[in-house]
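Worksheet: one structure, shown below.
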Amino acid sequence: MRSTGIDSLTLAESVAELVRIPSVNPLQAGPRAEEHGPVGEGALALRLAERFDAYGADEVVLDEVLPGRPNVYGRFPGRSERLVVLDVHTDTVSVEHMTDPPFDGRVEDGSVWGRGALDTKASMGVMLALLADWRRRGLRPAPTLLLVGSVSEEVGGLLGATRFRPWAEQQGLHIDQMLVAEPTEFRPIHGLKGLVLIEVTVHGTAAHSARPDLGANAIEAMAPVIAAFGAEHERLQALPPATELGNGTVSVTGISGGTGTNVIPDLCSISVGRRIVPGEDPADVLERLQAIAHASCPLPCEVTSLLPTTPDGRPASPAFYQRPDSGFVRFLADVSGTEPTTAPFGTNALRYTGLADELAVFGPGSIELAHQATERIAVADLVRLAGVLEAWLAPA
Ligand SMILES: [Zn+2]
């Protein structure tokens with residue numbers, strides 16, 4: 001697949017310009033990120049707003065999600081009222097572990113290099129280059145395009161997506177198709193598991209370890225709780241899977257407790273991740289995890305949800321699922337020469353269930369190469385993406 005009206009260097013430069021504006025998620029910004037000047041999604045959002053404006057957006061909105069961290073929306077009128085959305089997160093992961101210059105955006109060895117090139121500025125850069133090109137040639141997309149730059153995808157709870165959803169609902173938007181940009185190797189992702197994340201804390205009584213009878217050992221009391229979560233995981237694996245996403249899982253991912261080798265510990269906590277599948281309600285799942293902890297723990301314990309509550313009051317988002325034979329998913333697969341698949345990682349799509357008639361996660365490059373010590377996107381992939389976006393948006 002080749003793009004029709006645009007050369008590969010223009011695409012590469014459009015992506016490189018975005019890489020050169022550091023937008024490390026503030027929860028992961030360290031000294032290396034900060035030495036390059038203002039860190040965060042704010043500067044990138046302002047630059048995107050300028051480019052949206054220059055390329056013919058009839059509405060550009062900076063929507064502050066957190067202080068200095070706005071989402072940015074640009075509406076590009078099409079030849080019809082039919083509305084589609086391309087959502088691209090603007091934050092990147094940390095650069096502290098990078099062995100490469102993180103923000104030079106150099107184009108070398110057939111790739112654009114730097115943090116965010118792959119995850120996920122490539123999609124925004126290519127879309128912008130196309131819009132600029134169409135503007136010059138007097139072309140408009142077939143559907144009206146709402147281009148969304150959303151903050152806080154990598155860490156911190158999908159806050160940009162969480163904010164965009166009520167904004168779109170408030171505007172009364174009817175979204176026909178929505179594409180969430182992530183590196184998927186051009187395979188449309190039609191399903192993602194959701195995540196309920198909890199912390200369990202056991203309260204015991206401290207004592208000299210020579211007199212354990214005077215205390216209540218919080219770490220030992222946690223052992224049957226961990227075993228009970230293991231049993232819950234096994235129970236889930238025995239269920240017939242409802243979709244291609246398979247079964248839910250339970251994993252204990254962290255533990256802390258104890259203050260000294262000669263002290264009976266009065267506190268122990270664990271973190272537990274429960275991946276949820278289509279059909280499971282996050283509130284029911286949380287309640288079940290709480291019940292398991294309380295039933296198995298011989299000492300008083302408390303269970304708290306570690307994720308921010310969703311706007312509709314749930315402890316987490318449900319899984320995202322779109323049938324693999326739906327028109328949009330099939331279109332993306334056919335035009336890319338790939339097959340639909342599901343993915344184990346979370347994306348903004350978890351916040352968008354039901355917001356659009358059809359939803360898919362899609363983009364160039366491999367998630368397996370994201371978040372690493374070097375980061376790059378192949379220019380050939382940018383050209384290929386331009387072809388897919390032109391097939392989708394059909395400028396004329
Ligand atoms: Zn990403």
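Out of every Cα-Cα pair that the stretch 163-238 contains, those further apart than 20 angstrom amount to 66 percent. One decimal place: the segment D213-E64 gains 48.1 nm when fully extended, by the rule 0.36 nm per residue minus the C-alpha distance. Mean residue ellipticity, 222 nm, helices only, the chain: the sum of -39500 (n - 2.57) across DSSP H runs of n ≥ 4, divided by residue count and rounded to 500, is -9500 deg cm²/dmol. Could you pull out every whole DSSP H run in the chain that spans at least 18 Å of Cα extent along its own axis and averages -0.5 or higher on the Kyte-Doolittle scale? Passing helices, by number: 41-54, 122-136, 218-237, 282-296, 379-393. Taking A117, A142, A386 as the candidate residues, the one with maximal mean-square fluctuation in a Gaussian network model of the chain, Cα springs under 10 Å, is A142. Given R0 = 22 Å, the distance between the Cβ atoms of E169 and A43 translates into a calculated FRET efficiency of 0.20. Based on alpha carbons, the Rg and Dmax found for the stretch 74-124 are 15.3, 47 Å. Based on the Kirkwood approach, the hydrodynamic radius assigned to the stretch 201-254 is 13.6 Å, with every pair of different Cα atoms included.
Two decimals is fine: what is log10 I(q)/I(0) at q = 0.17 Å⁻¹ for the stretch 256-396, from a Debye sum with one equal scatterer on every Cα and no solvent? Evaluating at q = 0.17 Å⁻¹ gives log10 I(q)/I(0) of -1.09.
Mean-square fluctuations from a GNM of the chain, with a 10 angstrom spring cutoff on Cα atoms, peak among R136, R106, R82 at R136. Relative contact order for the stretch 326-396: 31 percent, from Cα pairs under 8 Å spaced at least 6 residues apart, divided by residue count. Treating each Cα of the stretch 29-82 as one equal point scatterer and applying the Debye formula with no solvent, the log10 of I(q)/I(0) at q = 0.16, 0.19, 0.29 Å⁻¹ comes out as -0.57, -0.70, -1.06. Placing dummy labels 7 Å off each Cα toward the beta-carbon, the span from L239 to H36 is 4.3 nm. Cysteines in the chain lacking any other cysteine Cβ under 4.7 Å from their own Cβ: C268.
Given a Förster distance of 41 angstrom, what is the FRET efficiency for A380 paired with L306, based on the Cβ-Cβ distance and rounded to 0.05? Approximately 0.50, to the nearest 0.05. Full extension of the chain segment joining A231 with D325 gains 30.3 nm, where the gain is 0.36 nm per residue of separation less the Cα-Cα distance. Modelled spin labels at T99 and R136, positioned 7 Å past Cα toward Cβ, are 3.8 nm from each other. Each 10 Å bin, from zero up to the one with the longest distance, holds this percent of the alpha carbon pairs of the stretch 130-194: 15, 38, 38, 10, 0.
What the Cα convex hull of the chain gives, in volume per residue, is 145 Å³. Here is the size of the stretch 194-305 from its Cα atoms: Rg then Dmax, 15.9, 54 Å. Pairwise Cα distances in the stretch 324-383 exceed 15 Å in 61 percent of cases. Positive contributions from Lys and Arg (+1) and negative ones from Asp and Glu (-1), summed over other residues with Cβ under 9 Å from the Cβ of N25, come out at -4. Here the contact order of the chain, divided by its residue count and restricted to Cα pairs under 8 Å and six or more residues apart, works out to 24 percent.
We did not get these values from a lab; they are worked out from the coordinates using the rules stated. Remember, predicted model here, so these are calculated numbers, not experimental data. Note that we place each Cβ from the backbone using ideal geometry, even for glycine, and neighbour counts take in every protein chain shown.
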